[in-house]
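In what follows, a single structure is set out as structure tokens and then discussed.
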Amino acid sequence: MGLPAALLDQLSGTVGFDRDAFLQSHQDATLPTSIRLNPTKLPSLPYATQPIGWANHGYYLSERPSFTFDPLFHAGTYYVQEASSMLLEQAVKQFLPKDRPLRVLDLCAAPGGKATHLYSLLPPNSFLVANEVIRSRALVLRDNLIRWGVQKALVTQNDPEQFSALENYFDWVTVDAPCSGSGLFRKDPDAIAHWSPGAVQHCSLRQQRIVSAAWQTLRPGGILFYSTCSYSTQENEDISTRLIQEKGARPLLLSLQPAWNITPSSPGYRCWPDKAKGEGFYFCCLQKPVEGEVAMVAKKVRTEKTLSKKEVAIVREWIKEEDDLYFQTQRSIYGWPRLCWDEWHQLIKVLNVIYSGFRVGQIMGDKLVPDHALALSQRLHQGIPLVSLTVEEAILYLQRKPLSLAERVEKGWCIAAYQQHPLGWINILSSRVNNYYPKELRILKESLTD
Ligand code: SAM
């Protein structure tokens, strides 16, 4: 792998950079594949695994299986994520307050690795705003959060500067910034051709703009988690140091086990692939000075159209008893946590919200047509029948192909499940089974060898 000479020159003198070991780690073809389990869906995996020290549900796999053909992947029981990125968990565990509900933002969230991780670590009654500026990527982020089964999250598609309406608002902001990507060269050698000192400079300026917006929306005493998958100091330590010098940010020191081989690089930390078992990564935790006003929790607001008693009764037949209220927009019904009701009504006025809470479905006549998101959420009513599929049937289901299950189940709406984990809806009629797996999510490949 021919690494750019200009990158190697830039890195000489950087804390922890060992040129020979670094070059060697880029010649080694066996890259660690890693996943993070969903604590609300914990699957029993068919793969040999080894725990990742810094993430409770993180595992290295001994080989890279076909995730596309694993129904457990589509059920949202795990997320395929690079191990170094899971260090977010140490920052959250060591610095995020646990004694109160929090407002948390992931400003550059697609495709959703850190957003799903962050969501799983939040204290009760907190909520996450997962934002992505690029529309197509925001839709992927939404789908990944739905698969993860989130209920207390908003997905937004906004430029970071549009968060200025929410000054001093969030308790925690993650900025996993767009970067020059040198930390992922081992996984994506094609990216080497796009790297240049000019690209680093361009990314650095963009990162300054993004963190400045993030800083504004952070409440006094709130915490910024800043990270990149670049090795360049201009995109890492320089960005963090500016916040310290210009905004009075306080760097927070993490306690990390020596065996993990993470390199402290003031004011943050670096993962070098020849030391820590993962790809290149920089991260830093900065606290905003505590003086200043925190943006207030919203007062009661005038709500949009709410459901009638009759409609609520229809919806309740499908949902586990929880303290949710229902919000309706463009005929779709969404469940929102009662505690977030007023606050989210304010947020939808200032942000471009593309998904909120969990989508329940649409009422047609006096019946609910349930949504895919409800099937994957933790809110599904226990009384809804579940049809256990074999692995072959599950693949057919995920390819949106016809299934013949007629003898096995009652008529009506059922959950298609694999190893008890819901994959989506089927509707059993007397003559056929209607497959309701969303067309845009279906597996397009015919087989593993396609
Ligand atoms: N945090 C994500 C995860 O863990 O899955 C990965 C985020 S990726 C490194 C950076 C994201 O920033 C991309 O999704 C990219 O589309 C987005 N982005 C690009 N330009 C941006 C900008 N000007 N402001 C904010 N985000 C931007």
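Taking segment 224-238 and a reference point 7 angstrom along Cα→Cβ of His26, the backbone N atoms nearer than 13 Å belong to 231-232. Modelled spin-label separation between Arg331 and Arg137, with each label point placed 7 Å from Cα along the Cα-to-Cβ direction: 3.3 nm. The spread of Cα positions in the chain, taken along each principal axis and listed from longest to shortest, comes to 72, 56, 35 Å. With respect to the chain, whose longest principal axis is taken over its alpha-carbon atoms, helix 341-350 is tilted by about 60°.
Model label points for Ala191 and Lys93, set 7 angstrom from Cα along the Cα-to-Cβ axis, are 2.6 nm apart.
Build a GNM of the chain with springs between Cα atoms under 10 Å apart, and of Trp336, Trp195, Trp215 the one that fluctuates most is Trp195.
Just check segment 381-446 against the gyration tensor rule for me: Cα atoms, a ≥ b ≥ c as the square roots of the eigenvalues, rounded for a/c under 1.5, and otherwise prolate or oblate depending on whether a/b exceeds b/c. Please report the intermediate quantities before stating the final value.
Working: a/c = 1.62, a/b = 1.34, b/c = 1.21.
Note, shape of segment 381-446 comes out prolate.
Helix content alone sets the calculated 222 nm mean residue ellipticity of the chain: runs of n ≥ 4 DSSP H residues at -39500 (n - 2.57) each, divided across all residues, give -7000 deg cm²/dmol.
Put simply, the amide H of Asn352, placed in the peptide plane, has neighbours under 5 Å in Gln157, leaving out anything fewer than 5 places away on its chain. Computed from point charges on the beta carbon alone (+1 for Lys and Arg, -1 for Asp and Glu), the dipole magnitude for the chain about its Cα centre is near 1220 Debye.
Rounded to the nearest 10 degrees, the inclination of helix 237-247 to the longest alpha-carbon principal axis of the chain is 90 degrees.
Dividing the convex hull volume of the alpha carbon atoms of segment 301-351 by its residue count gives 86 Å³ per residue.
Value of Rg to Rh for segment 324-450, rounded to two decimals, is 1.03; Kirkwood radius and Rg both from alpha-carbon coordinates. Ligands, DNA and RNA are left out, and with a 1.4 angstrom probe the accessible area of the chain is 44 Å² per residue.
Per-atom-type breakdown for the chain gives carbon and sulfur 51% of the accessible area (1.4 Å probe, protein chains only). Note on Leu429 and Thr449: the model spin-label points, each 7 Å out from Cα along the C-beta direction, lie 3.7 nm apart. Each of Tyr169, Ala153, Ala193 was scored by the projection of its Cα onto the charge dipole of segment 153-203, and the greatest displacement toward the positive side belongs to Ala193; charges sit on the C-beta of Lys, Arg, Asp and Glu. Given the pairs Lys114/Lys320; Lys41/Lys320; Lys41/Lys445, which are separated by over 24 angstrom at their Cα positions? Table pairs above 24 Å Cα-Cα are Lys114/Lys320; Lys41/Lys445. Please report the spacing between the Cα centers of segment 376-394 and segment 192-219 in Å, no decimals. With segment 376-394 and segment 192-219 each reduced to a Cα centre, they are spaced 43 Å.
Using alpha carbons only, the radius of gyration of segment 51-149 set against its Kirkwood radius gives Rg/Rh = 0.97. Can you list the residues of segment 161-176 with backbone N under 16 Å from a point 7 Å past the Cα of Glu293, pointing along Cα to Cβ? Within reach of a label on Glu293, which here means backbone N under 16 Å from a point 7 Å along Cα→Cβ, segment 161-176 contributes 165-170.
What fraction of the DSSP beta bridges in the chain is antiparallel, stated in percent and rounded to the nearest 5? Could the numbers behind the result be given before it?
On the way: 52 of 72 bridges.
Bridges in the chain that DSSP calls antiparallel: roughly 70 percent.
Normalise the Debye intensity by I(0) for segment 123-205, one equal point scatterer per Cα, no solvent, then take log10 at q = 0.15 Å⁻¹ and round to two decimals. Listed by q, the Debye log ratios stand at -0.77. Positive end of the dipole of the chain, charges at C-beta (+1 Lys, Arg; -1 Asp, Glu), about the Cα centre: which of Pro402, Thr116, Trp318 has its Cα farthest in that direction? Value computed over the given set: Trp318. Here the Karplus curve 6.51 cos²θ - 1.76 cosθ + 1.60, taken at θ = phi - 60°, turns the phi angles of segment 143-154 into couplings of 5, 5, 5, 4, 4, 6, x, 5, 10, 10, 8, 10 Hz, with x standing for Gly and Pro. Distance from the alpha carbon centroid of segment 240-280 to that of segment 40-73 works out to 27 angstrom.
The values are calculated or read from the model by the stated rules, or taken from the named source; none is laboratory data. What you see is a predicted model; the values in this text were computed from it and never measured. With ideal geometry, Cβ positions are generated from the backbone for all residues, glycine too; neighbour counts draw on all protein chains shown. Accessible surface areas use protein heavy atoms only, side chains included; no ligands, DNA or RNA. Shrake-Rupley method; radii C 1.70, N 1.55, O 1.52, S 1.80 Å.
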